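Engineer: Would you mind keeping the following structure in view while I ask a few things?
Derivation of every value follows stated rules applied to the coordinates shown; laboratory data play no part. Every value quoted in this text rests on a predicted model; they were computed, and no experiment measured them. With ideal geometry, Cβ positions are generated from the backbone for all residues, glycine too; neighbour counts draw on all protein chains shown.
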Amino acid sequence: MANLNDVGWLRERLRVSLGIEPSDPADVIDWLEQRRAEAPFSAELIPLRDVAGWKRGDNGNIYSATGHFFRVEGVRVRTTPGSEGVSGWDQPILTQSAGGVLALLCRDTPRRGVEFLLQAKFEAGNIGPLQLCPTIQSTWESIREKRAPFAECLNSCENIRVIYRSKHNEEGSRFWRKSNENVILFVEDASQLTINGSNYRWASLSQIKQMMLLDNIVGPYLRTVLAPL
């Protein structure tokens, strides 16, 4: 549940920030393109039977041999016939025992106003394939195993102010009853953070909005986390 007082507090800081924050995203895009050029990454479609490390059970469901990640199962839908007269269907669907966290860290600086810490993240299906994502974009599984940078910031403390925290349903046509926790965290003293400049970059809200108008730069989860602001 979001605290409207905290959301309003950050909205006011963002309003003041408009007077000084950069709006041209050229430097952020240049940084992203340099990362795309330097980082080795390739992805191609292969037959499902050739996927290493995944198994098919006796019931036909597909799962990781490690026991982690999602599973591919089947779902049968029954409903009142709509305009096309369809009363139901069967389909594959992704299932996962626990959802994830989409968290965005922000700070306020004297020269550049409010900035958000963006992550340049590879995902196999991306066009790019490197796109700008929230600071933390992770499953709870990875967070519990301490494989998610900045996960320690998810707990409110003297240096971290939780602006809002709420659960949002994942895309229901592909995921079975999965939700992600969307979070915005304000950092009082960002110098206490250890930031890998190869993967993370600060940007203003004005810069992010400009980049949202461009093709294949900003990932979908960054958009959803920022939407309440």
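Engineer: Just order 153-161, 182-190 by mean Cβ neighbour count inside 10 Å, highest at the front, would you?
Structural biologist: So the order, starting with the most tightly packed, is 182-190, 153-161.
Engineer: Under unit Cβ charges (Lys, Arg +1; Asp, Glu -1), what dipole magnitude, rounded to 20 debye, does the range 53-95 have relative to its Cα centre?
Structural biologist: Roughly 140 debye, rounded to the nearest 20.
Engineer: Over the range 126-201, one equal point on each Cα, no solvent: what is log10 I(q)/I(0) by the Debye formula at q = 0.27 Å⁻¹?
Structural biologist: -1.42
Engineer: What lysines sit close enough to Lys146 to cross-link, taking a C-alpha to C-alpha distance under 30 Å and skipping anything fewer than 8 places away on the same chain?
Structural biologist: Of all the lysines, those that pass the test against Lys146 - Cα under 30 Å, at least 8 places apart if same chain - are Lys55, Lys121, Lys167, Lys178.
Engineer: What per residue convex hull volume, in Å³, do the alpha-carbon atoms of the range 53-95 yield?
Structural biologist: Output value, Cα hull per residue: 76 Å³.
Engineer: Using just the alpha carbons, could you tell me how many Å³ per residue the convex hull of the chain encloses?
Structural biologist: Hull volume normalised by residue count: 174 Å³.
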